[in-house]
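Since the structure comes first, as structure tokens, the remarks are kept for the end.
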Amino acid sequence: MATVAPPARTPLSRVSRDIIGALWEPDWRYRTMILVLLAILGWAGFAWVYQIKTGMGTAGITHPVMWGVYITNFVFWVGIAHSGTLISAILYLLRSGWRTTINRAAEAMTIFAVMTAGLFPLIHLGRVWYFYFLAPYPNQRLLWPNFRSPLIWDFFAISTYFTISLLFWYSGLIPDLATIRDRMKRLSGRMARFKERVYGALALGWHGSDSQWKNYRRAYLYMAAIATPLVLSVHSVVSWDFAMAITPGWHSTIFAPYFVAGAIFSGIAMVITLSVPFRWALGLEDYITEYHYDNMGKLLLLTSLIVGYAYTAEYFMAWFSGDQVEWESFVWRATGDYAGPFIVMVTCNVLIPLLCFARKIRRNIRAMFVISIFVNIGMWYERFVIIVSSLAHEYIPGAWGLYTPSWVELSITVGSFAWFLLWFMLFAKALPAISITEVKESITEGVWSPGDKKEGA
Amino acid sequence: MVETTHSYESPAEPHEILARVPGRISGRLLAALGASAGIGALGFVLGVIAAPQRAWQAYLVNFLFFSGLAAAGVLFGAAMQLAKGHWGKSMHRIAQGFGAFLPISYVLFLLLYLGHGQIFPWIDNPVNFEGHPLPAAWFNVGGLFARGALFLAVLYVLCFAFMYYSLRPDMPAAAKRLSGWRRRLVDWMGRDYGSVDTEAARSRRVLGRLAPLLALAYVVILSGMAVDLVMSLTPGWLSVLFPAYFFIGSWLSALAGLALMAALLRKHMQLDYFAPNQWHDLGKLVFAFCIFWAYLWFSQFLPIWYGNLPRETLFIETRMRAPWQGLSIVFFACIFLLPFLLLIWQKVKMAPAYLASVAGLILFGFWLERFNTVVPSIWADGVPLGWIELVVTLGFLGVFGVCYALYASTFPLIPLADSIIVGSPRKGPY
């Protein structure tokens, strides 16, 4: 849309042009991709309907492994949701300027990942039409959820997280939405009027006055401060879904911080995985550069080391405490029927990310892309190993058993990726995927300008 | 988003900083520190005769507290280097000074061998509380002290290497003001000196490599310290998180120690070079780690309380019941509850005197916390807080103080050359 993108006369107008110019005009590749994703989603939808109609027996879960791939996916997607708030809130408070161009996309990812994760408890539910039993309200059934159950803590933790993430993302968008509205004013045509009205309504009457900026900044800072503890709390509560049970392999005091680190680890990996094709497809290579991958690589390395520390500490403590059950179940995890997933987990999460110690690799976008895919795989397997291998091998040998996912579960798993990507692709064409405001601020402050591969002096 | 920027830094002229290097310890300070060290040593010997276990467990508590503080103090510079925390560049040497205690700490660890019989309950009968045998490969006194001596040497050497390269670029400038052994030390540290710029560049390069190594060594070796010197006192206790909780605690105590020392030096050595926003940043870091420490404490407590398994509750239960309950509440209040309520206010974070008071409270809390993690495991008869504990602590404080005073009276406490992290403080939310 050439009219939307007038020739840029200054570096600042170039920023608006580049970012707004990436919107709306989908080419054939984009349309094809959307169709493919819809097809996969349709198939997954069919699988779910089949499961609802036929019964939970169509899923592979059975005694003793009653939590299988669905809960794995749930934890995996909640984990993916973590980097968004980390990048947008914590790095904001820490004045890490490099977050500027990736925070918008990471926050969007957070929201879509929570939307994906939220589906899985429902899919896992036997009679999904009774899911509203989860909501605590006075009712004629005289039924209340069990507040002492970590599952109900989780319900609250995740709804809070979703709400705050959405508000935080939206408040960051407001000045940019107003920029788009103003740009539409200069254009003619019914479509431009329509967009002006929609973006104008979403911009909530923003006109960039001093008092608006002042209040906006305050609000953004407070939101960041409020969102920060949530990054820790949400995945801690998810980890307590497991750690509160006395199942060996689940019941561990390190679970909360370890899950949080793992979540940030997988989330950063997903940001890298998505941002590489994304910057290329939208022509935003100047905006997400080696500089950003270098820093994300460091974060990936840090969280990988924490996860590796936790793996090691679990084994060491099981041995050191002289507790037979604990030790046997950890030995079985590494050498028993699920040794394969265990090896994948250790290789992808601990060994491969060690490459990020090398600055050359961190600054090599292709290498980071490949590493991030390994991490995504490894983190999915980590959730699988923790959930399945612990349940399969509890205290009583008579109750041991194995689990293999069924086609229904696998279809829905693949479908969840399609659902997530679909939202992400719609976002990339409907909203400015990089914060126009923050990039301009970064240029004015002399911290970093588009195209720079290093931090400015 | 620019709110208020970090543009304001007090101008620090090299000659002013050098003028603040006293080159000697004032007589009164030396007398006070020396006296407490002497009383401590004497009291410890008397304690060993009167009540050997109490003396040795007080010794262990103080060893853990002060060694953690010293190692984490050096880690501060490494952490700033790794995270590019420009604001902490000019503060890192104040924290780094705690590292001067490390050689003494090493000797003290070796001396602990003499008291091993009073401390480790598994020596005669290495089984856990259920009677299952503990892994003999780990639970033997010789092995414990051998690996301790080895790993502490690694950590302390890394700390000293870090301190050396942080100080080296400033050595010739500092040498002019010193005499005697200080002069010889500083001359040795500045031997084969190129120019300031080449030395600073070299230091930055070396410190850039050392920082991640030091951080990794700190995490691994302090975890080992927590396992061998704290957890093994309750054989069979299972809590995977405890070592991490332990080393984060030491890190927080070093942050508090930095705030306290920075405020004291500002007052007594006119070392007034930190801008209000730097105090604010330090305050925010202390605040953040108070919360994080409490988070770790709670993450450990909740699964244990909920699961109610004997192999886990055996550590927590003693501390939750009388006579230890009161102490547990006090240390939690000193490290988290009160600092949390106080540090919420911007004023408290930004005013050195207020921040230092809160930091003092945190340090006091951590001493109690270390006491509370060690002693209830091996002492069954009430809370042993009496003259022995007081005197031993006084002795450690004296020795630690002498080490710090020697450091602070020899080296410039604000870097003259950019020996770590280049660049300027980042702009951002204030």
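Work the Kirkwood hydrodynamic radius out for the stretch B:22-408: mean of 1/r over every pair of different alpha-carbon atoms, inverted, in Å. Walk me through the numbers on the way to the answer.
Working: mean 1/r = 0.0457 Å⁻¹.
Result for the stretch B:22-408, one decimal place: 21.9 Å.
When restricted to Cα atoms, the protein assembly as shown yields an Rg and a Dmax of 29.0, 96 Å, respectively. Over chain A, the ratio between the Cα radius of gyration and 2.2 N^0.38 Å evaluates to 1.03. The A-B contact accounts for roughly 4300 square angstrom of buried accessible surface, both chains included, probe 1.4 angstrom.
Which of the three applies to the stretch A:23-104, rounded, prolate or oblate, going by the alpha-carbon gyration tensor with a ≥ b ≥ c and a/c under 1.5 meaning rounded? Since a/c reaches 1.5 but b/c is at least a/b, the shape of the stretch A:23-104 is classed as oblate. Ranking A:W400, A:F342, A:F330 by how far each Cα lies toward the positive end of the dipole of the stretch A:312-407 (charges on Cβ) leaves A:F342 at the top. Simple rule: put +1 on each Lys or Arg Cβ and -1 on each Asp or Glu Cβ in the stretch B:22-408, find the dipole, and look at B:L255, B:T393, B:Y165; the Cα lying farthest toward the positive end is B:Y165. Taking only the alpha carbons of the stretch A:286-430, we obtain Rg and Dmax values of 18.6, 60 Å in that order. Scattering from the stretch A:291-335 was approximated by placing one identical point on each alpha carbon and applying the Debye formula without solvent; log10 I(q)/I(0) at 0.17, 0.19, 0.30, 0.32 1/Å stands at -0.57, -0.62, -0.97, -1.02. Between the stretch A:22-79 and the stretch A:122-174, what is the separation of their alpha carbon centroids in Å? Each part reduced to its Cα centre gives a spacing of 21 Å.
In the stretch B:143-260, inverting the average of 1/r over every pair of distinct C-alpha atoms gives 16.8 Å as the Kirkwood radius.
Could you pull out the pairs from A:K454/B:K347; B:K89/B:K349; B:K176/B:K284; A:K454/B:K349 whose alpha carbons sit more than 29 Å apart here? Beyond 29 Å between Cα atoms: A:K454/B:K347; B:K176/B:K284; A:K454/B:K349. Each residue, A:A219 and B:I49, gets one label point 7 Å from its Cα in the Cβ direction; the gap between the two is 7.4 nm. Taking Lys and Arg as +1 and Asp and Glu as -1, the other residues whose beta-carbon sits under 14 Å from that of A:L37 total +3.
Taking amide H as placed 1.01 Å from N in the peptide plane, B:V127 has its amide H under 5 Å from the amide H of B:L134, each at least 5 places away in sequence or on another chain. Computed over the Cα atoms of the stretch A:359-423, the ratio of the radius of gyration to the Kirkwood radius (Rg/Rh) comes to 1.16.
Each Lys and Arg Cβ is given +1 and each Asp and Glu Cβ -1; about its Cα centre, the protein assembly as shown then shows a dipole of about 2540 debye.
Remark: spin-label model distance B:V157-B:Q325 equals 5.0 nm, labels positioned 7 Å along the Cα→Cβ axis. For the stretch B:22-408, a simple Cβ point-charge model (Lys and Arg +1, Asp and Glu -1, everything else neutral) yields a dipole of about 1420 debye relative to the Cα centre. Computed over the alpha-carbon pairs of the stretch B:271-386, the distance histogram in 10 Å steps reads 13, 38, 28, 16, 6, 0 percent, short to long.
Work out the FRET efficiency for A:I52 and B:L309 from their Cβ-Cβ distance, taking R0 = 60 Å, and round it to the nearest 0.05.
So the FRET efficiency works out to roughly 0.95.
Averaged over its residues, chain B has an accessible area of 39 Å² per residue, based on protein heavy atoms and a 1.4 Å probe.
Considering only B:Y295, B:A408, B:V45, the residue lying farthest towards the positive end of the dipole of the stretch B:22-408 is B:A408, judged by Cα position with unit charges set on Cβ. Across all Cα atoms of the stretch A:32-182, the radius of gyration (one decimal) and Dmax (whole number) stand at 19.0, 60 Å.
The values are calculated or read from the model by the stated rules, or taken from the named source; none is laboratory data. Model, not experiment: these values are computed from the prediction. Note that we place each Cβ from the backbone using ideal geometry, even for glycine, and neighbour counts take in every protein chain shown. Keep in mind that these areas ignore ligands, DNA and RNA; they rest on the heavy atoms of the full protein, side chains included. Shrake-Rupley method; radii C 1.70, N 1.55, O 1.52, S 1.80 Å.
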